[in-house]
1. Tally up the residues in the range 161-195 that are in contact with a strand residue (DSSP E or B) (Cβ under 8 Å, 6 or more places away or on another chain), assigned to a loop (DSSP other than H, G, I, E, B) and surrounded by fewer than 15 Cβ atoms within 10 Å (Cβ to Cβ), please.
2. Taking the range 55-69, which residues are open to solvent by less than 30 Å² (accessible area, probe 1.4 Å) and either part of a helix (DSSP H, G or I) or within 27 Å of residue 140 (Cα to Cα) (or both)?
3. Could you say which residue among 52, 110 is surrounded by fewer than 16 Cβ atoms within 10 Å (Cβ to Cβ) and among the basic types (Lys, Arg)?
4. For residue 112, which of the numbered conditions (1) modelled with pLDDT of 95 or more; (2) touching a Phe, Trp or Tyr at 6+ places or on another chain (Cβ under 7 Å); (3) not hydroxyl-bearing (Ser, Thr, Tyr) fails to hold?
5. Taking residue 72, is it within 22 Å of residue 133 (Cα to Cα), surrounded by fewer than 17 Cβ atoms within 10 Å (Cβ to Cβ), of a type in the set (Asp, Glu) and over 16 Å from the mean Cα position of the chain (by Cα)?
6. Anything in the range 83-107 that is open to solvent by 60 Å² or more (accessible area, probe 1.4 Å) and closer than 25 Å to residue 44 by Cβ? List them, or say none.
7. Pairs please, first residue from the range 147-176 and on the phi > 0 side of the Ramachandran plot, second anywhere and open to solvent by less than 80 Å² (accessible area, probe 1.4 Å) and among the β-branched types (Val, Ile, Thr), Cβ atoms under 9 Å, 6+ apart in sequence or on different chains.
8. Identify, please: which residue in the range 113-143 is among the polar types (S, T, N, Q) and either part of a helix (DSSP H, G or I) or open to solvent by less than 30 Å² (accessible area, probe 1.4 Å) (or both) and is, among those, nearest to residue 193 (Cα to Cα)?
Amino acid sequence: MTEESVAVRLERYRNAWCDAPGVVDSTGGFPDSERMESVWAWSDHVAQACLRNPGLLADLHAAGLLDRCYADGEMSASLVKRLEGVDDETALESGLRRFRRREMVRIIWRDLTGLASLDETLEELSELADICIRQALERLYGWAVAKSGVPRSADGTAQRLIFLGMGKLGARELNLSSDIDLIYCFPEHGRTDGK
């Protein structure tokens, strides 16, 4: 991104940000412009996400999440809360996308401003992927059981689908350009106990 386009985008964002829900005025809580310009110059992803959702950065800033790492389990608890009331696959996909976008902006911001170490960035990217997969699997399993019953082995033991994270996810070393390789497994063949 050129300096001019960063400046133009920042001005457009400031105007949108002032009108974002929950923002009282154009100065209260606005993130450091110098840092913002630097992050946007290096990350088109963050710039685009913020322009699409002007309240996103304001929310992260107001919650103090741009300046600190999460405590153990905090990211997962945040996702669980955000997915409350989700009752179908379309809403689940949408909720996961919004959560991922929010957390990616946070992680990239902290990385590019030097507030997070490389190890912390890799761990948070891995944790983000892990919890999104876990929550998706948990909800999809629940809906499948409600529709078709509990999957059981030949001796009647309930079975759960599990996933194995391969490569960088398994090693907790995901980076910003990593994809994830998963193997889904279950203990043994059987039947569901529903109709």
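The values are calculated or read from the model by the stated rules, or taken from the named source; none is laboratory data. Bear in mind the structure is a predicted one, so any value in this text is a computation, not a measurement. Positions of Cβ are generated from backbone atoms using ideal geometry, with glycine treated the same way; all protein chains shown enter the neighbour counts. Just the protein is used for accessible areas: all its heavy atoms, side chains included, with ligands, DNA and RNA removed. Shrake-Rupley method; radii C 1.70, N 1.55, O 1.52, S 1.80 Å.
1. Total meeting the criteria: 8.
2. Residues satisfying the conditions are 55, 56, 57, 58, 60.
3. That would be 52, the only listed residue that is surrounded by fewer than 16 Cβ atoms within 10 Å (Cβ to Cβ) and among the basic types (Lys, Arg).
4. Here residue 112 clears every test but (1).
5. no
6. Scanning the range 83-107 gives 93, 97, 98, 100, 101.
7. 149/192; 167/180
8. Ranking the candidates gives 135 first.
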